[in-house]
1. Taking the residues in region 273-313 that are closer than 14 Å to residue 179 by Cβ and of a type outside the set (A, V, I, L, M, F, W, C) as candidates, determine which candidate is surrounded by the most Cβ atoms within 10 Å (Cβ to Cβ).
2. From 239, 324, 214, grab the single residue that is farther than 20 Å from residue 106 by Cα and either more than 21 Å from the chain's Cα centre (by Cα) or not in a loop (DSSP other than H, G, I, E, B) (or both).
3. Where residues in region 38-78 are touching a Leu at 6+ places or on another chain (Cβ under 7 Å) and either among the charged types (D, E, K, R) or farther than 25 Å from residue 141 by Cα (or both), which of them is surrounded by the fewest Cβ atoms within 10 Å (Cβ to Cβ)?
4. Within the group 300, 328, 304, which residue is among the small types (Gly, Ala, Ser), within 16 Å of residue 175 (Cα to Cα) and in contact with a strand residue (DSSP E or B) (Cβ under 9 Å, 6 or more places away or on another chain)?
5. Which residues, counting only those in region 252-271, are touching a residue at least 60 places away in the same chain (Cβ under 8 Å) and over 17 Å from the mean Cα position of the chain (by Cα)?
6. Among the residues of region 142-152, is any in a loop (DSSP other than H, G, I, E, B), surrounded by fewer than 22 Cβ atoms within 10 Å (Cβ to Cβ), in contact (Cβ under 8 Å) with a residue 12 or more places away in the chain and more than 14 Å from the chain's Cα centre (by Cα)?
7. Just checking, does region 195-214 include any residue being touching an Asp or Glu at 6+ places or on another chain (Cβ under 8 Å), buried (at least 16 other Cβ atoms within 10 Å of the Cβ), within 22 Å of residue 175 (Cα to Cα) and of a type in the set (Gly, Ala, Ser)?
Amino acid sequence: MTFDRRALMAMAAASVAGSAFGQTPPPGSKSALPAGLYQPVETIDLWPDGAPGAPAVPLAETVNERSTDPQLADRAVFGISRPRMVVFRPAQPNGAAVLITPGGGYRWVVVDKEGYEMGRWLAARGYTAFVLFYRLPGEGWAAGPNVGLSDAQRAMRIIRSRAKTFGIDPERVGAMGFSAGGHLCADLATRFAVKTYEPVDEADTLSARPSIAAPIYPVISMRAPDAHPGSREKLLGSAPTATEEQKHSPHLNVPDNAPPFFVLHAEDDDAVPIENALLLRAALRAKNITVETHIFAHGGHGFGLRKAIGKPVEIWPELFLNFARSQGF
């Protein structure tokens, strides 16, 4: 990916304009959070005049704490009406950034396990991390199944528009997602050029293509028997057409200029069949797109960082870093 003089000027203009947005705080918590863990406060709202196509009935953002351990937060948020990125800045930036799309089956967006924990881990290694709290397709937005992709595209463009502010190389902005967030990551990396919303400012002149993409135990297919039923139903409804299934199955939409992929899954995943990762890998290989695939015998689903400890799959973040570095990221 290259940026000409016009694109670089647009980035600078968008950076100045974007700094004037009023920002929404990160998702909160009704209970005390674990002591000793950095809790981010910096956010970037995606839409300066509010997210387009709002539901007729206003949403109430709700955060559920699913953990019974006071030393281990496990929040999930739904009713997101102000989609935004929560920023993790590294002490020593290496010039690269990662947009993180947590999972949640398109029912909610996980805050800690697949969001903040990964954001902290990446920031500790020099990457500027942006955790995306995206809108959910079953909550009445006009964009329907494309609503999460609209937010992800917009997020990538805003990150690039503020590259100078964050000390980021605009050609080193990657995407990582988990489970249904892995579907959103793969959707972004295959349909980055699809117009899903009307441009709102100069940031929208920039590319939404990730430099690399890392879908982790991802939902990919929207067709039985490989589809994750819950994600499929929340994304497409109870009776989607074959055309809708194809449109929202990333392995069926790989363009010739898709970015390099890092794909990770466990054989014993009892929620999202491993065939999802294998279908994506095969589709990428058919297009001669660089793809590194890691399949672990044990890991289950939703291991993130915390549930991988003590298992062979624990090494997966280092494998990702090695792959990223091999791609100049």
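1. 276
2. The conditions single out 324.
3. Within region 38-78, the first condition is being touching a Leu at 6+ places or on another chain (Cβ under 7 Å), and the residues that meet it are 39, 73, 78.
Now drop any that are not either among the charged types (D, E, K, R) or farther than 25 Å from residue 141 by Cα (or both), which leaves 39, 73.
Working: 39: 13, 73: 21.
Step by step, filter region 38-78, then rank; the result is 39.
4. Details: 300 fails: within 16 Å of residue 175 (Cα to Cα); 328 fails: in contact with a strand residue (DSSP E or B) (Cβ under 9 Å, 6 or more places away or on another chain).
When all the criteria are applied, what remains is 304.
5. Within region 252-271, 253, 254, 255, 271 meet the criteria.
6. Yes, region 142-152 contains a residue that is in a loop (DSSP other than H, G, I, E, B), surrounded by fewer than 22 Cβ atoms within 10 Å (Cβ to Cβ), in contact (Cβ under 8 Å) with a residue 12 or more places away in the chain and more than 14 Å from the chain's Cα centre (by Cα).
7. Among the residues of region 195-214, at least one is touching an Asp or Glu at 6+ places or on another chain (Cβ under 8 Å), buried (at least 16 other Cβ atoms within 10 Å of the Cβ), within 22 Å of residue 175 (Cα to Cα) and of a type in the set (Gly, Ala, Ser), which makes the answer yes.
Quick grid of which residues meet (1) aliphatic (A, V, I, L, M); (2) over 16 Å from the mean Cα position of the chain (by Cα):
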residue	(1), (2)
37	yes, yes
44	yes, no
52	no, yes
74	no, yes
88	no, no
98	yes, no
109	yes, no
117	no, no
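Laboratory data are not the source of any read-out in this text; all were calculated from the coordinates shown. All of these numbers come straight from a predicted model, not from anything done at the bench. Here Cβ is always computed from backbone atoms with ideal geometry, including for glycine, and neighbour counts include all displayed protein chains.
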